[in-house]
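Written out below as structure tokens is the structure these notes cover.
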Amino acid sequence: MISPYATIVDCPEFHAALSAEKIDRALRAGDKDAVVKVITSISNNQRQQLREPYKIKYGKDIISALDKKFSGDLERVVFALMETPLDYDVKQLKQAMKGLGTDEAVLIEIVCSRTTEQLQAIRIAYEREYKKPLEQEVILHTWRLW
């Protein structure tokens, strides 16, 4: 039976500074599994809360620290987990329209499953990031489909 409850929820024992320390220790030890365990045991909101204490204590962005230790598919997954849902959607839309061919499934999934408020935020963030209106990009890359 499918559960009606969310599967990714805030970890009640979460403490941003302690989690940032665990990640730094694991990165210095080269223990990728420990890093993955920390970031997958907390919600996206809590992962975002790691950024500030990490930067304050270690003087660098947690993403740049992760970038030095991860590569390949695992790096892409870790980076995706560390992004806000808004930033992830914006990047996925851009990637779906990049190069030859358009990944219509990604466009449809994002456009059809987000609320009006989320779509408005995506439009604003996309234009801010890529200096082009999202609507024009979608039309340009999908006009032959419809």
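The values are calculated or read from the model by the stated rules, or taken from the named source; none is laboratory data. If you're wondering where the values come from, they're calculated on a predicted model, not measured in any experiment. For neighbour counting, all protein chains shown are included, and Cβ atoms are generated from backbone atoms with ideal geometry for every residue, glycine included.
Of all residues in segment 51-70, none are closer than 30 Å to VAL111 by Cα, among the hydroxyl-bearing types (Ser, Thr, Tyr) and exposed (fewer than 14 other Cβ atoms within 10 Å of the Cβ).
Whenever a residue of segment 112-127 is in the same structural domain as LYS91 (by TED's automatic domain parsing) and within 16 Å of THR84 (Cβ to Cβ), its partners that are of a type outside the set (Lys, Arg) and not in a helix (DSSP H, G or I), lying with C-beta atoms within less than 9 angstrom and at least six residues away or across chains, give the pairs ARG123/PRO133; TYR126/PRO133. Among the residues of segment 119-146, the ones that are in contact with an Asp or Glu (Cβ under 8 Å, 6 or more places away or on another chain) and part of a helix (DSSP H, G or I) come to 7 in all. Candidates are the residues of segment 82-103 that are surrounded by 14 or more Cβ atoms within 10 Å (Cβ to Cβ) and over 15 Å from the mean Cα position of the chain (by Cα); the one that is modelled with the lowest pLDDT is THR102. One residue stands out among those in segment 108-146 that are under 21 Å from the mean Cα position of the chain (by Cα) and among the hydroxyl-bearing types (Ser, Thr, Tyr): the one that is surrounded by the most Cβ atoms within 10 Å (Cβ to Cβ), which is TYR126. Beta carbons closer than 8 Å, at least 6 apart along the sequence or on distinct chains, pair a first residue in segment 32-60 that is without any contact (Cβ under 8 Å) to a residue 24 or more places away in the chain with a second that is hydroxyl-bearing (Ser, Thr, Tyr) and crowded, with 16+ Cβ neighbours inside 10 Å for VAL38/SER19; LYS60/TYR54.
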